[in-house]
Every structure is written in structure tokens, then in C-alpha cells.
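See structure below.
The values are calculated or read from the model by the stated rules, or taken from the named source; none is laboratory data. These figures come from a predicted structure and were not determined experimentally. A quick note on method: Cβ atoms are made from the backbone with ideal geometry, for glycine too, and the neighbour counts reach across all protein chains shown.
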Amino acid sequence: MTQPLLDIRNLKVRIGAGEHAIRAVDDVSFHINRGETFALLGESGCGKSTILRLLLRLTPPLDSGEIRLFGRPVESWSREEIAARICWVSQRPFVFSGTIADNIAYGRPGASDAEVERVIEAVREALPAAGS
């Protein structure tokens, strides 16, 4: 069996301290294998954004549990390394002024036109599958 691209195990996150602390994420586990399409869905306030911020290393470390990306603990990755591999599309995506190609290249300064075109083509290919 191949290792998952993303493996989240027993994730627990508490926000606040003492009696006012709330459990933002309570014992969440899932994994994503190569070639899978994955959506993280849930009610407002259930911890989706907290999980993504932890994965992208945009928030302090978790209370307990483990996040592994390509088999390595997420803490061993720099934010830049993660950003080169993962894209977060929020409920209210922000698009910068400029072209679609400019927006794609924003996350990878110095990307060649050919690299940007490959991303555009991958999105075109994925769109029909997303609608089914």
C-alpha cells in the first residue's frame, strides 16, 4: 500500500485557555491518496479552516495529533514548500487584479509561461470531472 499524500490522525485543537477554551477540532482523522479528489465540508465553525491553517502552517502547532504530508511531519516543511504543493480554495476566493495567468503565477514567482499554461490546462481537464 502506498503512503497517503496527506495523513491527518487524531487531530485535536483547543482555542483559548482555561474554562473559556473551546475545542475547535476534536479527534479528526482522514487521509488523501494520490489521484483522489477530496472536499472538506461541514457546518460553519466546525474546524475546517483551522485544519487547513494547521496544514499550511499558518497557525501555531496543534494540541495533539499528527499531520503528515507526503510521509513527512508537516512541521518539517517550510511554508514555501507547502505552498508549492497545496492550494486552498476558500468559500469566498479572492482574485487579484490582472489576468488569470497572473493570478496563477502569483503563488510561484518566476514561473514560466509554459508552467502557467500547464496549470491552466490541468484546470480545464479537471473541470468536467468536478461537475459530475
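Listing for the model above:
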item	result
Filter result (of a type in the set (A, V, I, L, M) and at pLDDT 90 or above) within segment 93-115	A114
Whichever residue in segment 76-92 is of a type outside the set (G, A, S) and closer than 22 Å to N33 by Cβ and, among such residues, is modelled with the highest pLDDT	W77
Residue check, L69 within 27 Å of A126 (Cβ to Cβ) and either more than 17 Å from the chain's Cα centre (by Cα) or touching a residue at least 12 places away in the same chain (Cβ under 8 Å) (or both)	yes
When residues of segment 30-40 are limited to those that are out of contact with any strand residue (DSSP E or B) (no Cβ under 6 Å at 6 or more places or on another chain) and within 20 Å of G65 (Cα to Cα), the one surrounded by the most Cβ atoms within 10 Å (Cβ to Cβ)	L40
